[in-house]
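Where a number appears in this text, it was derived from the coordinates with a stated rule and is not lab data. Just so we're clear, the structure is a prediction, and the values are computed from it rather than from any experiment. Here Cβ is always computed from backbone atoms with ideal geometry, including for glycine, and neighbour counts include all displayed protein chains.
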Amino acid sequence: MVDSLSEGCALPDISEQDVLEAMKTIPGYIDITPADFREVYRVALVAAQKRIMTIVKVTDIMSSPVHTIQKSMDLVRTAKLLAERRVSGAPVVDDHGKVVGMVSEKDFLVRMGAGQGGSFILIVATCLKSKGCVAAPLRKLTAGDIMNSPAITAREDISAAKAAALLMERGINRLPIIDSNGHPLGIVTRSDLVRGYGRLGTKE
Amino acid sequence: MRYLQKMGGHSQGPPRVGPIEVMWSGIGSLLGMAAVGLIHFKLLDSTGQIMIIGSFGASAVLIYGAIRSPLAQPRNLIGGHVLSALVGVTIFKLLGGQPWLAGSVAVSLAIVVMHLTKTLHPPGGATALIAVIGGDAVHGLGYLYVLMPVGLGAVVMLVIALVVNNIPKERRYPEFWF
């Protein structure tokens, strides 16, 4: 998983000229050719990247506590709750507080006529054509009816890099972090990852 | 990569060092060689002992002129010379009747031993060779050659390197000891 992530990123490479310029700024005879140094640099960079990939734990960057939606909650309250908390999605939990699915804006859009992979603008188009609100049929449904289930989750010991790879591979935007009982500890979103790695960049 | 293509080279040399580095390389090597030279010619000449051997000239290049090099560190300087001297004397004792064979085996075995002990120091090859081709003055020393001139001479050069190489602000020696 992590490997597929690193393949996607272009490693910051250096040229022999870069090495030569650096060597000129360091007094003393440095007993290595620029090409050999670049070779060392490239191997070291891969090692450093692997280390950095595992240094940030998902618990360092996740949002906690996580706002959850009861499975039996009707969609009016579900939508209101998501809007109030300014989140575009949340884990759905059963009566025991166990994560059973995910519900997001996208699940609403799909039910409102956008279709799988549809867009907000498609709903606008549908809405303008029809008389009533296209969301009306949703009133009778609950979060459990429209949620994506089972939820893709991860345990708290996963690295941030693995979480990122999981989001990418499964095409999802948020990953609930659960304990051994399936109870949510937090949630990692794409913006959490960006913030986490952004901070890492400014430390050094 | 094709065999002949490799002979064309693929990189470039490191840049020329600055004038300060050049100057201190000159000062260090002058003092280092003067120290072993004085001991050899002024103190030991009458006693038949020797202190200076050709390979010290090569060591001077490294420990005064390329002080950051791993090859120039104390472990390599002392270890490389002493181990190579041991190899050289031993090989001369075993194969001395055939100097061409003793010389080549002494040098190559010295390189192997230095590699294995992480003490690679190019002048060590010369130290091993001198044990074979150094003439009666060297042959007569037997294993004493390892301690003197080789070991003691290397220590004297190391002391001068420690003193001189650390005088300028932007120079430091060694990078590591062992």
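Overview of values
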item: Failed criterion for A:G28 (all others in (1) outside any helix (DSSP H, G or I); (2) over 24 Å from B:G18 (Cβ atoms) hold); result: (2)
item: Residues satisfying the stated conditions in the range B:143-178, i.e. assigned to a loop (DSSP other than H, G, I, E, B) and hydrophobic (A, V, I, L, M, F, W, C); result: B:I167, B:F176, B:W177, B:F178
item: Output for the range A:162-191, where each listed residue is out of contact with any Phe, Trp or Tyr (no Cβ under 9 Å at 6 or more places or on another chain), assigned to a helix (DSSP H, G or I) and touching a residue at least 40 places away in the same chain (Cβ under 8 Å); result: A:K162, A:A163, A:A165, A:L166, A:M168, A:E169
item: Candidates A:K106, A:K140, A:K129, A:K162, filtered to the one that is closer than 13 Å to A:V58 by Cα and not acidic (D, E); result: A:K162
item: Residues located in the range B:19-28, provided they are surrounded by 14 or more Cβ atoms within 10 Å (Cβ to Cβ), of a type outside the set (D, E) and more than 12 Å from B:V159 (Cα to Cα); result: B:I20, B:W24, B:S25, B:I27
item: Filter result (of a type in the set (A, V, I, L, M) and crowded, with 22+ Cβ neighbours inside 10 Å) within the range B:108-125; result: B:A110, B:M114
item: Among (1) away from every other protein chain (no Cβ under 14 Å); (2) within 27 Å of A:T25 (Cα to Cα); (3) surrounded by 20 or more Cβ atoms within 10 Å (Cβ to Cβ), the one test that B:S55 misses; result: (2)
item: Flag if B:A106 is within 23 Å of B:F41 (Cα to Cα) and touching a Gly at 6+ places or on another chain (Cβ under 6 Å); result: no
item: Complete set of residues in the range B:61-82 that are crowded, with 22+ Cβ neighbours inside 10 Å and either small (G, A, S) or more than 14 Å from every other protein chain (Cβ to nearest Cβ) (or both); result: B:A72, B:L77, B:G80, B:H81
item: Residue that is surrounded by the fewest Cβ atoms within 10 Å (Cβ to Cβ), among those in the range B:94-106 that are of a type outside the set (V, I, T) and without any contact (Cβ under 8 Å) to a residue 24 or more places away in the chain; result: B:G97
item: Which listed residue, of A:V76, A:V110, A:V124, A:V100, is farther than 25 Å from A:Y197 by Cβ and assigned to a strand (DSSP E or B); result: A:V100
item: Leading residue by the ranking (farthest from B:R172 (Cα to Cα)) among those in the range A:11-42 that are at the interface with another protein chain (Cβ under 9 Å from one of its Cβ atoms) and of a type in the set (S, T, Y); result: A:T33
item: Qualifying residue in the range A:135-142 (condition: within 21 Å of A:T54 (Cα to Cα), part of a loop (DSSP other than H, G, I, E, B) and out of contact with any Asp or Glu (no Cβ under 8 Å at 6 or more places or on another chain)); result: no
